[in-house]
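Read the figures in this text as sums done on the coordinates, not as results from a lab. This is a predicted model, so every value here is computed, not measured. Note: ideal-geometry Cβ built from the backbone for every residue, glycine included; neighbour counts use all protein chains shown.
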RNA sequence: GCCGAGGUGGUGGAAUUGGUAGACACGAGGGACUUAAAAUCCCUUGGAGAUAAAACUCUGUGCGGGUUCGAGUCCCGCCCUCGGCACCA
């Protein structure tokens, strides 16, 4: 027998596959199509990370299987090659980023090929190829023409280390995502894309796609749609003349129902109000200082958790509450964001925690307008309970005369309050608590709901009929009494320990009094509309996408800035706007892109009027090229369009897209946005780019920590392939743990998988064809395994698939195996370990590749067992096991069980209370 | 603080979604082969107890309650770990 030498067989088969063009996808084939997509890598200088193969291997397995099932499969690869590392390297060494990138691509290619992936290499693309980015620029121009790309002066996140503007998404913990440098706010002209215009559709269309729920959830949260109202407060200044038109200050609120509780206004330091009223604000100098300070705070300081809220009153100004004409003070405070809503808020300290904190600090009134549904009087408890109320932040008031605690809390706290009372009550005493009008009697061990007849009776038995009169059971009567109780002035004495932000009854709100949150919201919105003082509206967390980078190594934005015509698009015939050759790749001192120094490239005539003009020097972010790459795979060499319409119609949408969880909010959202836009302008045939999206977990270092150079726990795929072979690597990476969870690397585990493959090799060379017969356990297990693998590969339960293969091989080893079974095994194992299976397949005398075989069907009869071993429990504990033939009637089963020796022993002569037989599962006898 | 995932042997992890907890693999211990080692093969391996040996008994899925004939799985209350977001009115 030959020794198993992956180093010899793997390159051999890789070459064979390539020569035979086995994985080339046919355009417009009559076969059903399937499009698998993995996130194309950034070709970094470090080479392939072990994280890449986790995703690539999983989809490679699925792609190989799908081809065997008769599908025309597209499984492409390319390079997301623009990006900072190549540029930083260029700055350091003077080498053009293209040179280094090309070198890295070659290295990646070598590594990926060594893993035997079934990519269709004829469709390889590269985002830095002018023939590719021509179309990235083309898409930008279409966006520009539809007014979805615009330039605006705005505060951007500016990394002080990279000297570059960053998108919100690239700022992590107030620091630059890439270099960790400090981020400050800086005003600059930036290109933005109006992704917010698509927010609603990006949200709604999640219903149309099959993404993992957690992925959908993240997108929903990121878009962050909220429902509320815009309300107009009039601003009045002390110097104002009678009859002079008052300024309208609009605020956005999600809680218009709390309008009567507004006790002050707060505007962002950037708000126009401050500039407009600079002559009316008495303390304008002081205010100016505050605004200036806020501006210079870094992103880190602004987002600092511990920060105490600061603000300053604008003296001389008052806002008028539209519902009751009450005059309230106006503040500026940097906890109000200029970029959300209208940049101004109505502050309701009683029902918003931030406003509560601010009011506390500046001694502003807290006016309660919502009473929780859960509140009540509690008699007969120890004073120790007060401490616990404070801990749970429950508002309470102790009434000396009646020795009753009046408490007020969120419904969520109901259970906690029960526990609390049970804990503090003395053994022979009973407390009564009123919640939502229902009375509960609470003892140390029990809680009785008096509305429940049975419980009422029990409570009466324990406490006595004197203590619990019959009328306590009359829910309607008690609830009416309780409603009045809510408006009892006693509550005005309760100091709120924090803002109450949930549902409840409106109080102190004139015409809203007594309503619940929803009804009050409806009523106040109608009222505002009628009065012309506000309207219902929605808002989003999602912001427009900052699309400018002041960098060299990116797609130039194809715009010409003409002194007469403004922003003029480069004519489509002139695309691509190629990056000019340069010697210096550093951002200029003024913060402009290095392209500003390429004089020959920079100066052009305006395409509209011919005036001397300049090109836009900003480049696009890395997200641009990756927002549409999956469309280019469909038709990668087309120079007339980004892809041919018929081909798009045939191949798209992507059927299954797998990638990192870290890309769900940025890349996934951006590319959905572009795709929807392309759909609107009739370039692509589907409204959604990806039918299905899954994610893989991280691979951690052997120490359980994230792999990083500095920790020295990085595993290099090259070393693993060299030592154990690509098949071992592939199988191990699937075996190591659940696909979607983070799992540490374990070299010992790799050794185990290698041993397993050696076993396969050995069996493949020692087949015993004397073993025959359909009823044979081996045949059964083989078919069961086919069933399991067919199903579980689709759900990405790949670790249990590997374990199923191991069980099968152990059985083969134990019992000997014939070639019929072994060939079936090879076919289903081939997608995981393609090289070794191909080799063994050809050893068995087959001329053609195993991947041209059809995926085996399992025999339904063989999968079903005719006799089953079933556990017998007595009082829930397993005491015996018996064999039962299929379809045996329950009475026969019972008879059989009762004659079992062990069962008899346990039963003795005790009477059987219950006999439970769950078919094919279990028997339980209760005695 | 909010959202998400998770907590099962010495380790990575299984468990048909309420039905024999610990599959499969690693590690460890013992044995066979060998002059020896490596490789390979065989046995043992959650914990405790019992026995000459086996059958056997108890206990056990982060903690405390509950529902159920039966709970790793469902409900209520807590604790811890990891990931994401973070003044979004």
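Report, please, the projected area of region A:92-148 averaged over directions, based on the convex hull of its C-alpha atoms, in nm². It would help to have the intermediate numbers written out before the result.
Working: hull surface 25.5 nm².
For the Cα atoms of region A:92-148, the hull's average projected area reads 6.4 nm².
Restricting to Cα atoms and excluding each atom paired with itself, what does the Kirkwood estimate give for region A:762-852 in Å?
Details: mean 1/r = 0.0744 Å⁻¹.
Hydrodynamic radius (Kirkwood, Cα only) of region A:762-852 equals 13.4 Å.
Compute the orientation-averaged projected area for region A:127-257 from the convex hull of its Cα atoms and round it to one decimal in nm². It would help to have the intermediate numbers written out before the result.
Values: hull surface 59.0 nm².
In nm², the orientation-averaged hull projection of region A:127-257 is 14.8.
Measure of size requested: the Rg and Dmax of region A:691-841, with Cα atoms as the atom set and Å as the unit; please supply both.
Final numbers for Rg and Dmax: 16.9, 59 Å.
Assuming 0.36 nm per residue, please report the length gained on full extension of the stretch residue A:422 to residue A:794 beyond their Cα-Cα distance.
Working: separation 372, 0.36 × 372 = 133.92 nm, distance 5.08 nm.
Answer, rounded to one decimal: 128.8 nm.
Is the shape of region A:311-431 best called rounded, prolate or oblate, per the rule: a/c under 1.5 gives rounded, else a/b larger than b/c gives prolate, else oblate, with a ≥ b ≥ c the square roots of the Cα gyration tensor eigenvalues?
Numbers: a/c = 3.10, a/b = 2.61, b/c = 1.19.
Prolate is the answer for region A:311-431, as a/c is 1.5 or above and a/b outweighs b/c.
Describe numerically, in nm with one decimal, the distance between label points set 7 Å from Cα along Cα→Cβ at residue A:400 and at residue A:584.
8.2
What FRET efficiency, computed as 1/(1 + (r/R0)^6) with R0 = 45 Å and r the Cβ-Cβ distance, is obtained for residue A:741 and residue A:574, rounded to the nearest 0.05? Write down the numbers at each step before the final one.
Numbers: r = 50 Å, r/R0 = 1.10.
For residue A:741 and residue A:574, the calculated efficiency is 0.35.
How far is it, in nm, from the label point at residue A:877 to the one at residue A:46 when both lie 7 Å from their Cα along the line to the Cβ?
5.5
How do A:703-716, A:128-141, A:613-626 rank on mean C-beta neighbours within 10 Å, highest first?
Working: A:703-716: 12.4, A:128-141: 20.6, A:613-626: 23.0.
Top to bottom by mean Cβ count within 10 Å: A:613-626, A:128-141, A:703-716.
Which of A:426, A:118, A:891, A:819 comes first, and how do the rest follow, when ranked by fewest Cβ neighbours within 10 Å?
A:891, A:426, A:819, A:118
What are the extents of the Cα atoms of region A:805-894 along their three principal axes, in Å, largest first?
Computed over region A:805-894, the largest-to-smallest principal extents equal 58, 23, 22 Å.
Please report the projected area of chain A's Cα convex hull averaged over all directions, in nm². Intermediate results must be reported in sequence, preceding the final value.
On the way: hull surface 212.1 nm².
Projected over every direction and averaged, the Cα hull of chain A covers 53.0 nm².
How would you rank A:46-59, A:13-26, highest first, on the average number of other Cβ atoms within 10 Å across their residues?
On the way: A:46-59: 20.4, A:13-26: 15.3.
Per-residue Cβ counts within 10 Å, averaged per peptide and sorted highest first, yield A:46-59, A:13-26.
Going by a ≥ b ≥ c, the root eigenvalues of the Cα gyration tensor, does region A:615-689 fall in the rounded group (a/c under 1.5), the prolate group (a/b larger than b/c) or the oblate group? Can you show the working numbers first?
On the way: a/c = 1.71, a/b = 1.13, b/c = 1.51.
Verdict is oblate for region A:615-689.
In deg cm²/dmol, rounded to 500, what helix-only [θ] at 222 nm does chain A give when every DSSP H run of at least 4 residues adds -39500 (n - 2.57) and the total is split over its residues?
Numbers: 30 runs with 324 residues, N = 927.
Roughly -10500 deg cm²/dmol at 222 nm, from the helical runs in chain A.
What nm value, rounded to one decimal, do you get for the distance between residue A:204 and residue A:612 when each label is placed 7 Å out toward the C-beta?
Going from the residue A:204 label point to the residue A:612 one covers 5.1 nm.
So if the hydrodynamic radius of region A:31-158 is defined as the Kirkwood radius over C-alpha pairs, what does Stokes-Einstein give as its diffusion coefficient at 25 °C and 0.890 mPa s, in µm² per second?
Working: Rh = 17.1 Å.
Rounded to a whole number, D works out at 143 µm²/s.
Ranked highest first by average number of other Cβ atoms within 10 Å, how do A:848-857, A:820-829 line up?
Working: A:848-857: 15.3, A:820-829: 22.1.
The peptides rank, most packed first, as A:820-829, A:848-857.
Rounded to the nearest 0.05, what FRET efficiency do residue A:639 and residue A:153 have when you use their Cβ-Cβ distance and R0 = 30 Å? Walk me through the numbers before you get to the answer.
Working: r = 37 Å, r/R0 = 1.25.
Computed FRET efficiency for residue A:639 and residue A:153 comes out at 0.20.
So what is the relative contact order for region A:527-633, in percent, with contacts set as C-alpha pairs under 8 Å and at least six apart?
Working: 151 pairs, mean separation 35.8, N = 107.
Reported as a whole number, the value is 33 percent.
Average the reciprocal distances over every distinct pair of alpha-carbons in region A:592-632, invert the result, and give the Kirkwood radius in Å. Kindly include the intermediate steps, with their values, before the conclusion.
Working: mean 1/r = 0.0811 Å⁻¹.
Mean inverse Cα-Cα distance, inverted, gives 12.3 Å.
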